[in-house]
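A quick write-up on the structure given underneath.
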Amino acid sequence: MSDHLSALLAARFSDAPQVPADLEQVSSLQAIAGRGSCRSFEPDPVPLETLRTLGAIALASPSKSDLQQRDIVIVDDAEQKSRLLDLVSDQAWTAQVPSLVVFCANNRRQRHLHEMQGLEFANDHLDAFFNASVDAGIALASFVIAAEAAGLGCCPISTIRNRAAEASDILGLPDHVFPVAALAIGRPAAAPRSAPACPCGRRFTWTVSTRRQPQTSRPTTRSAPPGNPMQISAAPTFTAPATATHGQWTRPVNTACRNGKASRSSSATKVSALINPQRRSGRAGLRSAR
């Protein structure tokens, strides 16, 4: 890719950062900065071994506490693929997807490890859902980067979650394993175009630490920057939010609750009651759906 990294970022962001000179020609960064989703593909499917290799690369990405709570299902059965694409048929472009992969969150594996050790699963609340789902999202992003580096085009299909139970039935997913997103993949019929994005400044910030000179006497306050009415304390103190402990987990107290008693919120609802409550058979892992 010949474009400088700064040019690629400027094409996407109205407030693109100033790129250090040593990063301008890093090809991997240029590829990510200039990428775009592909919704038009050549008809030939991606070879299975290519998909398996990309899946292995994706599963090499980080996971929370190395618990590896994600799985990748390669849908190489034509009937299953057709049934899954029917679930998202309101997006017309999906009808011609040559290859389909589904990224799943797997909270089953951690539960099974607890059972093997005779231990109670202590995190049976929303944290279990988030950890597995974020792990799946990391794998999805890593798969996309790897696939595009190999010359393939990709487009995530998040609307599969609108019919997650049906998708789980089609794939035969076991209890506590659920689809996070599907991914269309193939050879691009046309070069994907990068799309403008919201300004960087609205979506991330940074903190600045200022080294202070030693002082014989420390003032109680210091002046705020011009135009900023907020008075800044020289020795700020922070009050931790109140917490209530329920068994093995801790969450913030709802300060509006009466009589000082905190009730379990929806964040404590068992994942088993939310996702795949009845499916008990099947296996998870990097596998092909046949």
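No lab work stands behind these numbers, since they all come straight from the coordinates. Predicted model only: the values in this text are computed from it and were never measured. Cβ coordinates were reconstructed from backbone atoms using ideal geometry, including for glycine residues, and neighbour counts include every protein chain displayed.
Worth pointing out:
- Spacing of the modelled spin labels on ASP15 and ALA141, each 7 Å from Cα toward Cβ, amounts to 2.0 nm.
- Extension gain, SER65-GLN91: 0.36 nm per intervening residue step, less the Cα-Cα distance, totals 5.7 nm.
- Rounded to the nearest Hz, the phi-derived 3J(HN,Hα) couplings of region 146-159 under the Karplus curve 6.51 cos²θ - 1.76 cosθ + 1.60 (θ = phi - 60°) are 5, 5, 5, 5, 8, x, 9, x, 9, 8, x, 10, 6, 5, where x marks glycine and proline.
- A Förster radius of 30 Å combined with the Cβ-Cβ distance from SER40 to HIS4 puts the calculated FRET efficiency at roughly 0.65.
- Highest to lowest packing among 80-91, 41-52, scored as the average C-beta count within 10 Å: 80-91, 41-52
- Per principal axis, descending, Cα span of region 64-107 in whole Å: 39, 21, 15
- Neighbours of ALA11, meaning other residues whose beta-carbon lies under 11 angstrom from its beta-carbon, give a summed charge of +1 when Lys and Arg score +1 and Asp and Glu score -1.
- Relative protection proxy for 143-149, 31-37, from highest mean packing down: 143-149, 31-37 (other beta-carbon atoms within 10 angstrom).
- Electrostatic bookkeeping for ALA92 treats Lys and Arg as +1 and Asp and Glu as -1; over the other residues with beta carbon under 13 Å from its beta carbon, the sum is -1.
- Proximal charge balance of ASN162 [Cβ under 14 Å; K/R count +1, D/E count -1]: -1
- Listed peptides 132-141, 57-66 by packing density, highest first (mean Cβ within 10 Å): 132-141, 57-66
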